[in-house]
Amino acid sequence: GRQYVTDAGGNSLLEVSPNGQVSLVATFADIGLPPLPLPFTSSQPVPTEVVRGPDGALYVSTLTGVPFLPGLARIYRVTPDGSSTVYRSGFTAITDFAFGPDGSLYVLQFASELFLGSAGSVVRVDPHGTRTTLIDNLIAPTGIAVGPDGAVYVTNKGVLVGAGEVLRIEP
């Protein structure tokens, strides 16, 4: 009866009880940046999605904040006591993710390069950690789901009024 939600503004994972009481589960720390010719020394994590994984733990994806550097977005594994560890890293601007029936992780990247103006993609990470780009050149993708047959569904053009579409990607 309880729900878990991400708070992008608070960089946190929250639990909402059946009576509406909200409690803090975890807060995600800023990510240190390499020296840049910009006035930034860190980037906020900006959590975007929470999913219960095949092992029963909660997993939380991050978009990362300004300056939206490639490779900084992560997926964290959160245990019942609220401690979090990086489960997978090296992504850019994650808006959503899902686990497939075989335990593979499907990561939806809103963009793949600096800032948010580049094309998005879906990256499959198999249970052994091998990465494969399933599709790229997406335009502002916002959501992903994996069907029981392994087909991947992606909302493309998710922020463009009247232009949105759902793509089906065969396994």
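The values are calculated or read from the model by the stated rules, or taken from the named source; none is laboratory data. In this text the structure is predicted, and so the values were computed from the model without any measurement. Cβ placement follows ideal geometry from the backbone for every residue including glycine, while neighbour counts extend to all protein chains displayed. Each accessible area value is taken on the protein alone, full model and side chains, heavy atoms only, with ligands, DNA and RNA left out. Shrake-Rupley method; radii C 1.70, N 1.55, O 1.52, S 1.80 Å.
For Phe40, state whether it is among the aromatic types (Phe, Trp, Tyr), modelled with pLDDT under 95 and more than 14 Å from the chain's Cα centre (by Cα).
Working: among the aromatic types (Phe, Trp, Tyr): yes; modelled with pLDDT under 95: yes; more than 14 Å from the chain's Cα centre (by Cα): yes.
Yes; evaluated as a whole, the condition is true for this residue.
All but one of (1) closer than 28 Å to Ile139 by Cα; (2) in a strand (DSSP E or B); (3) over 12 Å from the mean Cα position of the chain (by Cα) hold for Ile75; which doesn't?
Unmet condition: (3).
Any idea how many residues of the range 157-171 are open to solvent by 50 Å² or more (accessible area, probe 1.4 Å), touching a Phe, Trp or Tyr at 6+ places or on another chain (Cβ under 8 Å) and more than 12 Å from Pro141 (Cα to Cα)?
1
List every residue pair whose Cβ atoms lie under 9 Å apart, where the two residues are 6 or more positions apart in sequence or sit on different chains, the first residue falls within the range 1-30 and is touching a residue at least 60 places away in the same chain (Cβ under 8 Å), and the second residue, located anywhere, is open to solvent by 70 Å² or more (accessible area, probe 1.4 Å).
Qualifying pairs under 9 Å: Leu13/Leu24; Leu13/Thr27.
Just checking, how many residues over the range 28-48 are under 17 Å from Thr85 (Cβ atoms) and loosely packed, with under 15 Cβ neighbours inside 10 Å?
Qualifying residue count for the region: 3.
Taking Val107 and the conditions (1) among the hydrophobic types (A, V, I, L, M, F, W, C); (2) surrounded by 21 or more Cβ atoms within 10 Å (Cβ to Cβ); (3) assigned to a strand (DSSP E or B); (4) in contact with a Leu (Cβ under 9 Å, 6 or more places away or on another chain), which numbered condition does it fall short on, given that it satisfies the others?
Every listed condition holds for Val107 apart from (4).
Report every pair of residues separated by at least 6 positions or lying on different chains whose Cβ atoms are under 6 Å apart, first residue within the range 130-145 and touching a residue at least 40 places away in the same chain (Cβ under 8 Å) and closer than 10 Å to Leu108 by Cβ, second among the hydroxyl-bearing types (Ser, Thr, Tyr) and open to solvent by less than 50 Å² (accessible area, probe 1.4 Å).
Partner pairs satisfying both residue conditions: Thr142/Thr95; Thr142/Thr155; Gly143/Thr155; Ile144/Tyr106.
Going through the range 54-85 one residue at a time, which ones are open to solvent by 30 Å² or more (accessible area, probe 1.4 Å) and aromatic (Phe, Trp, Tyr)?
Phe68
Could you grab me the full set of residues in the range 89-104 that are free of Cβ contacts under 8 Å to residues at least 40 places away in the same chain, surrounded by 17 or more Cβ atoms within 10 Å (Cβ to Cβ) and part of a strand (DSSP E or B)?
Phe91
Of all residues in the range 32-72, which are in contact with a Ser or Thr (Cβ under 9 Å, 6 or more places away or on another chain), assigned to a loop (DSSP other than H, G, I, E, B), touching a residue at least 12 places away in the same chain (Cβ under 8 Å) and more than 26 Å from Ala119 (Cβ to Cβ)?
Ala57 - this is the single residue of the range 32-72 that is in contact with a Ser or Thr (Cβ under 9 Å, 6 or more places away or on another chain), assigned to a loop (DSSP other than H, G, I, E, B), touching a residue at least 12 places away in the same chain (Cβ under 8 Å) and more than 26 Å from Ala119 (Cβ to Cβ).
Of these, Pro67, Pro47, which one is under 16 Å from Gly143 (Cα atoms) and either basic (Lys, Arg) or in contact with a Leu (Cβ under 7 Å, 6 or more places away or on another chain) (or both)?
From the options Pro67, Pro47, the qualifying one is Pro47.
Only one of Val5, Val22, Val51 is of a type in the set (Val, Ile, Thr) and open to solvent by 70 Å² or more (accessible area, probe 1.4 Å). Can you tell me which?
None of the others qualify; the one that does is Val22.
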